[in-house]
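Comments concern the structure below.
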Amino acid sequence: MTIELARPHSPEQHHNHRDVTGGWLRPAVFGAMDGLVSNFALIAGVVGAAGAGQGAVLAGCAGLIAGACSMAAGEYTSVKSQTELMRAEIAVERRELARNPVGERAELAALYRSRGLDPELAERVAEGLSADPEQALRVHVREELGVDPDDLPSPYLAAGSSFCAFAAGALVPLAPFLFGASGLVVALVVSVLALFGFGAAVAVMTARPWWLGGLRQLALGIGAATVTFGLGHLLGVTVS
């Protein structure tokens, strides 16, 4: 009889995390969903008012271009402002460390005591971290501001992600009309599939049930398109 001995666990147990701070996921998801839903709703409203035709194509193209530019500009401005505020607060912390290093070290020791370390160990940890001014700055910024000074969000990445994602999403309901569709049915089917598929993909990415994410996004998109189509049909606006 062969006896297998259990192998001791390796002291090095590694696992990888996905990037959650790069600043690209939120604008990409928001841009794609906004582009798909808003452009489908816009096209549905035009079709409801004047029927399919050149007006629907022009409205869809205008919605794609204007929406993508607007989303990119908005994301750039918001993320740039946020980053500038973070840098300003980091500069305040840098000046405080230079002006009062003893007080900042005591503040760090108090923080670690509040997290369960005994006073002597907390003091030693704070002293060791404060020996290097740049390391001390990183620790204080992470603990007090909740941000990583070496990994601030990029406004260019956010703007580019938002622009491309919005354009891709807005192209979905527009594509059938570019290829000669004469009604809203094809665009509706394509948009429904895209809404459900993208919602499911995002749900899988964020470790949630795929069907729940797909149905939720589908409900939101259909709701927006129904309201717009109904208003366009009731108003009967002529699009030339």
Query raised in the report: Expressed as a whole percent, how much of the Cα-Cα distance distribution for segment 104-240 exceeds 28 Å?
Result: 52 percent
Query raised in the report: Accessible surface of VAL147 in the full protein assembly, 1.4 angstrom probe, to the nearest 10 Å²?
Result: 30 Å²
Query - Debye, to nearest 20: dipole size of the chain, +1 on Lys, Arg Cβ, -1 on Asp, Glu Cβ - result: 940 debye
Query raised in the report: From the phi of every residue in segment 102-115, what ³J(HN,Hα) in whole Hz does the Karplus formula 6.51 cos²θ - 1.76 cosθ + 1.60 yield, where θ is phi - 60° and glycine or proline is x?
Result: 5, x, 5, 5, 5, 5, 5, 4, 5, 5, 6, 5, 5, 9
Requested in this report: Would you tally the net charge around ALA158, using a Cβ to Cβ cut-off of less than 13 Å, leaving ALA158 out, and scoring K and R as +1, D and E as -1?
Outcome: +1
Query raised in the report: Suppose R0 equals 30 Å; then what is the FRET efficiency for THR206 and GLU84 from their Cβ-Cβ distance, rounded to the nearest 0.05?
Result: 0.55
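Quantify, in whole percent, the carbon and sulfur part of the accessible surface of the chain (1.4 Å probe; protein heavy atoms only).
Working: 9420 of 14520 Å².
Solvent-exposed carbon and sulfur of the chain make up 65 percent of the total.
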Report task. Amide H neighbours of ALA181 under 5 Å, at least 5 residues apart or on other chains, H built in the peptide plane: list them. Result -> none
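Please work out the FRET efficiency for the pair LEU193 and LEU117, using the Cβ-Cβ distance as r and a Förster radius of 51 Å; give the result to the nearest 0.05.
Working: r = 55 Å, r/R0 = 1.07.
Efficiency computed from Cβ-Cβ geometry: 0.40.
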Query raised in the report: So how exposed is GLU120, as accessible area in Å² (1.4 Å probe, rounded to 10)?
Result: 130 Å²
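Looking only at Cα atoms, what is the convex hull volume of the chain per residue, in Å³?
Working: hull volume 51.6 nm³, N = 240.
Once divided by residue count, the hull of the chain is 215 Å³.
What accessible area per residue, rounded to a whole number of Å², is obtained for segment 88-153 using a probe radius of 1.4 Å? Let's see the in-between values first.
Values: 3970 Å² over 66 residues.
Per-residue value: 60 Å².
Under the 0.36 nm per residue contour assumption, what length would be gained going from the current alpha-carbon distance of ASP151 and GLU127 to full extension? List each step's numbers first, then the result.
Details: separation 24, 0.36 × 24 = 8.64 nm, distance 2.49 nm.
Going from the current span to full extension adds 6.1 nm.
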Query raised in the report: Got a number for the accessible area of HIS140? Probe 1.4 Å, square angstrom, nearest 10.
Result: 0 Å²
Requested in this report: Provide the per-residue ³J(HN,Hα) series for segment 119-127, in order, calculated from phi with Karplus coefficients 6.51, -1.76, 1.60 and θ = phi - 60°, each as a whole number of Hz, with x at glycine and proline positions.
Outcome: x, 5, 5, 4, 5, 5, 4, 4, 5
Report summary line: Put CYS69, CYS61 in order of accessible area, largest first, probe 1.4 Å, and you get CYS69, CYS61
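The values are calculated or read from the model by the stated rules, or taken from the named source; none is laboratory data. Predicted, not measured: the structure shown is a model, and the values here were computed from it. Neighbour counts run over all protein chains shown; Cβ positions are idealised from the backbone, glycine included. We work out accessible area using only protein heavy atoms, side chains counted, and drop any ligands, DNA or RNA first. Shrake-Rupley method; radii C 1.70, N 1.55, O 1.52, S 1.80 Å.
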